[in-house]
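Contents: one structure, followed by commentary.
The values are calculated or read from the model by the stated rules, or taken from the named source; none is laboratory data. From a predicted model like this one, the values you see are computed outputs, not experimental measurements. Reconstructed Cβ throughout: ideal geometry from the backbone, glycine too, with neighbour counts over all protein chains shown.
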Amino acid sequence: MSLELKQTKIFSPEYHFCFKDKYTLRVIQKLLNNHKEFMLDLAVIEPELHRRFIWAKKSLSSFILLAMISLYSVTPGNFFNTDFSHSFVWLVLLLSIISFVFVIIFSGYQKYFVSREAKVPLVVFYNNVPDKKTFNAFIYYLLQQSSQRFKKLNLSLQMIRAGELKTLRRLLDGRFISQQQYEQAKKKLLTMADG
């Protein structure tokens, strides 16, 4: 299968998504010298794309701190009222603007697929990267294949949950999900009523 999606963003992991075969998604994550990879059977993926907004938390907190310092430093009667304070205020204002630019650049929407039963995020994408047309074509194909795979297997609810738990365990071992996410999903899968 030649359909693939490569996603890169500045100061973020690089992702490469491709199909090993018609129903297996291969996900490769690269960050500096770190390379992680996993395979995902499309039957585990809920065929609905979710969306969330992610703030660049470090840049946002830096912006807020610097903005507060600059506001305080221009307030009459504070201890910064010296000749030195004017250059300090301009420096802090400049750093505030730079932090704000980083907030704008590194905040944004992510789109992701979750597991069918436990609703754990399995595959996360940078929204519309590298471009909207390529991104949408890849997502559309993935949705189609996920639905086809699930229908073709015709699994019982117990088999679906067992397969999902096995997939989540592999993701935990590869450090793609946290221990807490795994334990919550495991508890949810084992305590769900049939129906």
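Some notes on this structure:
- The helices (runs of 4 or more DSSP H) found entirely in region 93-195 that carry 3 or more residues being touching an Asp or Glu at 6+ places or on another chain (Cβ under 7 Å) and at negative phi are 157-173.
- Any hit, region 98-106, residues being under 26 Å from residue 36 (Cβ atoms) and either of a type outside the set (Phe, Trp, Tyr) or touching a strand residue (DSSP E or B) at 6+ places or on another chain (Cβ under 7 Å) (or both): yes
- Residue list for region 5-51, filter: among the acidic types (Asp, Glu) and more than 18 Å from the chain's Cα centre (by Cα): 21, 41
- Qualifying residue in region 96-117 (condition: modelled with pLDDT of 90 or more, closer than 18 Å to residue 24 by Cβ, among the aromatic types (Phe, Trp, Tyr) and under 24 Å from the mean Cα position of the chain (by Cα)): yes
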